[in-house]
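**Student:** Sharing a structure below in structure tokens format, with a few things to ask.
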Amino acid sequence: MKVRKAVIPAAGFGTRMLPAAKSVPKEMICIAGKPAIHYIVKEAVDAGIEEILIITSRGKSAIEDYFDYSPELESRLEKSGKTQLVRELREIADMANVTFIRQKELKGLGHAVLHAKRFTGDEPFAVLLGDDIMRSDVPVTKQLIDNAEKYGCSCVGVKSVETSEISKYCTLGVESIGERLFDVSELIEKPTPDKVLSNYAILGRYVLTSGIYDLLEKAEPGFGGEIQLTDALNQLCRKERMLALDFEGERFDSGNICGYMEASIQLALANPEISDWLKSYMKGLAL
């Protein structure tokens, strides 16, 4: 089992980031000098992914433009002597083999992932949600791939969340099989308090087998009237083995203003070009 491909669903309206997301795709909103989607693609590349499919929708052509060449801009920069900046722009366009497909109707995450069936074929694949920015020594996607390839099955990335917050996510029935690693027996999307299986929730990263597609094709609308990926995963873990990894690293939900601010500050502090300035500025605010 070899994981070479990744899918990044990026078709949502971005309602939690309105009004900015009304005219700018939320995936293109800048975080410490780069759009959010840049960090997602970079994580996939650093995890060894060779091909990436980004699922978009109307009004999101800016994402495609970001991963393309811009001859007119590059020419202007060359004439201005800004050759280093030209190289940086080319590196962005060349850092991965990225293709795009549109989700013409927004019917949920499961519906979006189903659009990747032709792209991945019978191969296992990673799914990276565009709102979730990860910071870790080893890319979170790489951590999942290593376990998926070792055990030959799907592996989802989880963290324990507060009981008061679990209803915003999914809950998993799990049994420990090693350090930070669990077998998954059941999943419930947006559970009510009486349905909580554990405080572990999937936070934006998956490695899945192609078996998920048959289940998504037959899926009925679930929570919110949408085709929920979690519902299909609940069926998949009953048909074949599925693991959950309590991954090492920090996760920022850049799809809401507080998570966006956290990601902006933390990633700026990690940037040596601006970290000293930011520390001095924040220190001044605290006085």
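**Student:** Quick one: work out Rg over Rh on the C-alpha atoms of segment 1-103, Rh as Kirkwood radius.
**Tutor:** 1.00
**Student:** Okay, next question. So if I take the centroid of the Cα atoms in segment 140-185 and the same for segment 2-36, what is the distance between those two points in Å?
**Tutor:** For segment 140-185 versus segment 2-36, the Cα centre distance is 24 Å.
**Student:** About the Cα centre of segment 113-249, what is the dipole size in debye to 20, counting +1 per Lys and Arg Cβ and -1 per Asp and Glu Cβ, all else neutral?
**Tutor:** Computed charge dipole of segment 113-249: roughly 140 debye.
**Student:** Nothing charged except the Cβ atoms of Lys and Arg (+1) and of Asp and Glu (-1): what's the magnitude of the dipole of the chain about its Cα centre? Round to the nearest 20 debye.
**Tutor:** 580
**Student:** Once the dipole of the chain is set up with Lys and Arg at +1 and Asp and Glu at -1 on Cβ about the Cα centre, which of C30, I188, P9 lies farthest towards its positive end?
**Tutor:** Selected residue: C30.
**Student:** Take the Cα pairs of segment 82-174, get the Kirkwood Rh, then feed it into Stokes-Einstein at 4 °C and 1.567 mPa s and tell me D in µm²/s.
**Tutor:** D, rounded to a whole number, is 77 µm²/s.
**Student:** So between E78 and E186, what do we pick up on full extension, going 0.36 nm a residue minus the alpha carbon distance?
**Tutor:** 33.3 nm
**Student:** Scan segment 203-281 for trypsin sites (Lys or Arg not before Pro) in coil per DSSP, keeping those whose Cβ has at most 12 other Cβ atoms within 10 Å, and list them by number.
**Tutor:** K218
**Student:** A further question on this structure: Distance check, please: which entries in K22/K190; K142/K279; K2/K26; K26/K107; K150/K239 exceed 24 angstrom between their Cα atoms?
**Tutor:** Pairs exceeding 24 Å: K22/K190; K142/K279; K2/K26.
**Student:** Under 12 Å Cα-Cα from K195, which aspartates and glutamates qualify once same-chain neighbours fewer than 8 residues away are excluded?
**Tutor:** Here the aspartates and glutamates satisfying the reach criterion relative to K195 are E186.
**Student:** Right, another one. Please list, in order along segment 184-195, the HN-Hα scalar couplings obtained from phi with the Karplus expression 6.51 cos²θ - 1.76 cosθ + 1.60 (θ = phi - 60°), rounded to whole Hz, x for Gly and Pro.
**Tutor:** Per-residue couplings from phi come out as 9, 10, 6, 9, 9, 7, 6, x, 6, x, 7, 10 Hz.
**Student:** Given the options T171, T83, T141, state which has the largest fluctuation in a GNM of the chain using a 10 Å cut-off (strictly under) for Cα springs.
**Tutor:** Highest fluctuation of the listed residues: T83.
**Student:** Show me, for segment 254-271, the HN-Hα J-couplings you get by feeding each phi into the Karplus relation (A = 6.51, B = -1.76, C = 1.60, θ = phi - 60°), rounded to Hz, glycine and proline as x.
**Tutor:** Each residue of segment 254-271 in turn: 6, x, 10, 5, 5, x, 4, 5, 4, 4, 4, 5, 5, 6, 5, 5, 7, 8 Hz.
**Student:** Scan around V127 for amide H atoms under 5 Å from its own, H built in the peptide plane at 1.01 Å from N, and keep only partners 5 or more places away or cross-chain.
**Tutor:** Here V7, Y206, V207, L208 satisfy the definition.
**Student:** Using the Karplus equation 6.51 cos²θ - 1.76 cosθ + 1.60 (θ = phi - 60°), what ³J(HN,Hα) coupling, rounded to whole Hz, does each residue of segment 143-148 give in order, writing x for Gly and Pro?
**Tutor:** Listing the rounded values in order: 4, 5, 4, 4, 6, 4 Hz.
**Student:** Convert 4 °C to kelvin, take the viscosity as 1.567 mPa s, use the Kirkwood radius over C-alpha pairs of segment 5-286 as Rh, and evaluate the Stokes-Einstein diffusion coefficient in µm²/s, rounded to a whole number.
**Tutor:** In µm²/s, the coefficient is 65.
**Student:** Further question: To the nearest 20 debye, what is the magnitude of the charge dipole of segment 1-88 about its Cα centre, counting +1 on the Cβ of each Lys and Arg and -1 on the Cβ of each Asp and Glu?
**Tutor:** 300
Just so you know, all these numbers are worked out from the coordinates, no wet-lab data involved. What you see is a predicted model; the values in this text were computed from it and never measured. Cβ coordinates were reconstructed from backbone atoms using ideal geometry, including for glycine residues, and neighbour counts include every protein chain displayed.
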